[in-house]
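All remarks here apply to the structure that follows.
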Amino acid sequence: MDRLIPGGGSVGADYWNSRARRFAARTAGTAAGDPLLARVRRVAGARTTMLDVGAGPGRFSLALAPRVAHVVAVDASPTMGTLLRSAARRAGSANVTTVTGRWEDVEVERADVAICSYVLPLVEDAAGFLAKLDATCRNHAFVYLSALSADAFADPFWRHFHGKPRQPGPTYLDAADVLAELGVKADVEVVEVRVRTRHQSLAAAAHSYRESLLLTDTAEVRRELRGLLSGWLIADGDTWRPPLRTTPAAILHWSPTPR
Ligand SMILES: C[S@@+](CC[C@H](N)C(=O)[O-])C[C@H]1O[C@@H](n2cnc3c(N)ncnc32)[C@H](O)[C@@H]1O
């Protein structure tokens, strides 16, 4: 995506800076009841140091902070870091430290438990990224990502407008393969997570889909997308949502080799 339209894909800090507030509003408080949180809590206690890579506005960092010794939250987007610090202050969590920068570039101390949620498919060098995660974690590493390629939703629309399939994006199976190539045998648990995407209007939905489909902004494209989306999205109160309440996600977990 980013090669087709530089800056148009979801890989850079600019992309996440401009969406940080909306993302924070959508994800705040959603870690409660999330399968990853339950899984991490089983291995994290009052003396545990945590690392959250690609923490975003911190739904997992903030939920874990009251139960652990310290959380280091790394994110490439400065706006995400600012939002996380304000939320930690509001929650009275003084044990959260933010680090701004790409995981590939930052230097942080090793932590007992590392999590990385919904970040890996955005990363070009998955092997380097995972090797660093493995090296920076003592006891348990968790990588969380969709079990569907992110393109699964957009694929029929992509075919409609571009007349050909899009190369599918990576899923947890690719992540498990990359880990295996690194000599890491991860256990995999497939879980169901709630779909929280909500669009304020059909026009807002068309805007969002137009961006992810890399379509030129013309009145005709907007009209056509609105027409297609009105048959796909479901009106839910005064918002619109995809017709799926949950989607599968995968938790990859391993214990790094002692160093
Ligand atoms: C989909 S959000 C996930 C946020 C959070 N982990 C969650 O599950 O709610 C992806 C986040 O990863 C960050 N990110 C993307 N690539 C990164 C990288 N190479 N290093 C650090 N953070 C990165 C983005 O800035 C964004 O905040």
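The values are calculated or read from the model by the stated rules, or taken from the named source; none is laboratory data. Just so we're clear, the structure is a prediction, and the values are computed from it rather than from any experiment. FYI the Cβ positions are ideal-geometry reconstructions off the backbone, even for glycines, and counts take in every protein chain you see. For accessibility, only protein heavy atoms count, side chains too; no ligands or nucleic acids. Shrake-Rupley method; radii C 1.70, N 1.55, O 1.52, S 1.80 Å.
Local charge for residue 51 was computed over the other residues whose Cβ lies under 13 Å away, with Lys and Arg +1 and Asp and Glu -1, and equals -3. Seen against the Cα atoms of the chain and their longest principal axis, helix 219-230 is set at about 70 degrees. Neighbours of residue 20, meaning other residues whose beta-carbon lies under 12 angstrom from its beta-carbon, give a summed charge of +2 when Lys and Arg score +1 and Asp and Glu score -1.
How big is the antiparallel share of DSSP beta bridges in the chain, given as a percent to the nearest 5? Provide the component values of the computation, followed by the final result.
Values: 18 of 37 bridges.
Close to 50 percent.
The alpha carbons of the chain give a radius of gyration and a Dmax of 18.8, 59 Å, in that order.
Other residues with beta-carbon under 11 Å from the beta-carbon of residue 149 carry, at +1 per Lys or Arg and -1 per Asp or Glu, a net charge of -2. Shown for the chain: the carbon plus sulfur share of the solvent-accessible area, taken with all protein chains present and a 1.4 angstrom probe, equals 52%.
Distance between the C-alpha centers of the stretch 216-254 and the stretch 72-91? Whole Å please. For the stretch 216-254 versus the stretch 72-91, the Cα centre distance is 28 Å. Computed with a 1.4 Å probe over protein heavy atoms only, the accessible surface of the chain comes to 52 Å² per residue. Treating the angle as unsigned and between 0 and 90°, give the value, to the nearest 10°, between the Cα long axis of helix 13-27 and the longest Cα principal axis of the chain. Tilt relative to the chain: about 90 degrees. For the chain, modelled as a GNM whose springs connect Cα atoms under 10 angstrom apart, the maximal fluctuation among 231, 81, 128 occurs at 231.
Across q = 0.20, 0.22, 0.31 Å⁻¹, the stretch 51-90 modelled as identical point scatterers on its alpha-carbon atoms has Debye log10 I(q)/I(0) values of -0.49, -0.59, -1.11, in the order of the q list.
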